[in-house]
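Peer 1: Below you'll find the structure I mean.
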Amino acid sequence: MTGMEWLAILMLVSFFALLMAGVPVALTLATTGFVFGVIGFGPVLFNLLPARIYGVAANYQWLAIPLFVFMGVMLEKSRLADDLLDVMGHLAGGLRGGMGIGIILVGVLMGATTGIVGATVVTLGLLTLPTLLKRGYRPSIACGAICASGTLGQIIPPSLILILLADIMQLSVGTLFAAAVMPGLMLAGIYCLYFIIIGMVKPELVPPIPQLERDGVSRRQLWVRFFKVVVPPVLLVFAVLGSIIGGVAAPTEAASMGALGAILVTAFAGRMSWSVLRETVQSTTKVTAMMMFILICAQAFALAFRGLHGEDLITKMFDFLPGGVAADIWFMMLIIFVLGFFIEWIEISYIAVPLFLPVFISQNVDLVWLAMLICVNLQTSFLTPPFGWALFFLKGVAPPEVTTRHIYLGVLPFIGMQVLAVALVFSFPQIALWLPKAIGW
């Protein structure tokens, strides 16, 4: 190996050392990039940095991020999830496991509207965990359902990770949104099937809503609330995603309509106030600023790593793997899975994916399919003990009687289901590629 490649290895080692020491990811990226770039080339390398940063800041499609974040935070702050869960639970009626299925369906809807994993898990945990325990659900099953449902926002459009991957892989956002629909719904369907099977095999673990409680709400009242609470967010999701996938509007245009639609839905539900609007704007600003700061710092890291021939080093590493393209993909899946224990999906997207991407481009791997594998894989890492982020989010809001052991045991079946989903998308690429091709993307 050349001296430059040794510097690239030291750069990666230093990055992970600083990360484990607790240094914020953005500062870690910038520090290692600048230090090793100067050691390798001197300050001349960073003459290119202003142009790269300007390219990031001026990218038109980034406008979709604050707008989609605004849409999600507005619907979260308006507490529409409260009513959604109540209506879904009563619609499930006497079905064993019905409340669990209701939580999965609410997770699908919240994933399509908020797309924020932490917010969804915390909201579902606060609203549903005490109710599920009171109704006789085993604590581990209730915890697993909440964690798994909350992470569906990682893949169901308009997930922010899809917008980032579209930029990194130079793909259309609409194409990735279309490709993510079927894997996301397939995963939700697998979860629902799991609850149906549990309800048939061990009904005492997932009892239905008590008859007395169901009788307290008339069918007419339930359907009135359904059309008031469930239908408007669903129509909003179809309008936003349909306009993007159908090619009627660009992602930024659809996102702006989504933000406006979120305001109207919240107002229609009688939840709009100045405090809700103020909190939504503040949260949107914080999330957007954090994401953009990481993206800007990542440019210094990427510029130095590429200058030190790090990409050539990665390519050589893949040459040693037996098994061809399939082995290369699974090796990358393993790396991303492990990274998902320690760092957020934003950093993984802008660190790991660009490192491996040239290898797969040279092998003519379908990048849309690869992006879907990455999304489902990242979702799995969110659930995996001991470091899964969704587990920490739920533990923070769980009642005292719910232990860490309950949460860890509860997510194990869902991890198995997500691994199954990754294997299905890998074995049958048309799960991800059918819809984009069917609509002509």
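Peer 1: Which residues, counting only those in the stretch 1-21, are touching a residue at least 40 places away in the same chain (Cβ under 8 Å) and open to solvent by less than 50 Å² (accessible area, probe 1.4 Å)?
Peer 2: Glu5, Leu7, Ala8, Met11, Leu12, Phe15, Leu19, listed by residue number.
Peer 1: Can you name every residue in the stretch 63-84 that is open to solvent by less than 20 Å² (accessible area, probe 1.4 Å), assigned to a helix (DSSP H, G or I) and modelled with pLDDT under 75?
Peer 2: Correct list: Gly72, Leu75, Leu80, Ala81, Leu84.
Peer 1: Additional query: For the stretch 237-287, give me the residue count where each residue is under 19 Å from Leu162 (Cα atoms), open to solvent by less than 70 Å² (accessible area, probe 1.4 Å) and not β-branched (Val, Ile, Thr).
Peer 2: 14
Peer 1: Okay, moving on. So for the stretch 293-300 (the condition being crowded, with 17+ Cβ neighbours inside 10 Å, at pLDDT 70 or above, within 24 Å of Trp62 (Cα to Cα) and of a type in the set (Phe, Trp, Tyr)), does at least one residue qualify?
Peer 2: No, the conditions are met nowhere in the stretch 293-300.
Peer 1: A follow-up question, please. Checking Leu409 against (1) open to solvent by less than 30 Å² (accessible area, probe 1.4 Å); (2) of a type in the set (A, V, I, L, M); (3) in contact with a helix residue (DSSP H, G or I) (Cβ under 6 Å, 6 or more places away or on another chain); (4) assigned to a helix (DSSP H, G or I), which test does it fail?
Peer 2: (1)
Peer 1: When the stretch 221-236 is examined, which residues are found to be open to solvent by 90 Å² or more (accessible area, probe 1.4 Å), more than 30 Å from the chain's Cα centre (by Cα) and at pLDDT 75 or above? Reasoning before the result, please.
Peer 2: We begin by selecting, within the stretch 221-236, every residue open to solvent by 90 Å² or more (accessible area, probe 1.4 Å); these are 221, 223, 227-228, 235.
If we keep only those that are more than 30 Å from the chain's Cα centre (by Cα) as well, we get 221, 223.
Result: Trp223, single match.
Peer 1: Counting only residues that are farther than 21 Å from Leu67 by Cα and in contact with a Pro (Cβ under 9 Å, 6 or more places away or on another chain), give me the helices (runs of 4 or more DSSP H) lying completely in the stretch 175-281 with at least 1 of them.
Peer 2: Where helices (runs of 4 or more DSSP H) fall fully within the stretch 175-281 and carry at least 1 residues being farther than 21 Å from Leu67 by Cα and in contact with a Pro (Cβ under 9 Å, 6 or more places away or on another chain), they are 211-215.
Peer 1: Please work out which residue is nearest to Gly111 (Cα to Cα), limiting yourself to the stretch 41-54 and to residues that are open to solvent by less than 40 Å² (accessible area, probe 1.4 Å) and in a helix (DSSP H, G or I). Give the steps one after another, and end with the answer.
Peer 2: Narrowing the stretch 41-54 to residues open to solvent by less than 40 Å² (accessible area, probe 1.4 Å): 42, 45-46, 49.
Narrowing the set further to residues that are in a helix (DSSP H, G or I) leaves 45-46, 49.
Details: Leu45: 41, Phe46: 39, Leu49: 36 Å.
Of everything passing the filter in the stretch 41-54, Leu49 is nearest to Gly111 (Cα to Cα).
Peer 1: How about the stretch 22-40: which of its residues are modelled with pLDDT under 80 and open to solvent by 30 Å² or more (accessible area, probe 1.4 Å)?
Peer 2: Gly22, Val23, Pro24
The values are calculated or read from the model by the stated rules, or taken from the named source; none is laboratory data. All values reported here derive from a predicted model rather than from experimental measurement. All Cβ positions, even for glycine, are placed from backbone atoms using ideal geometry, and neighbour counts span all protein chains on display. SASA here: full protein model, heavy atoms, side chains in, ligands and nucleic acids out. Shrake-Rupley method; radii C 1.70, N 1.55, O 1.52, S 1.80 Å.
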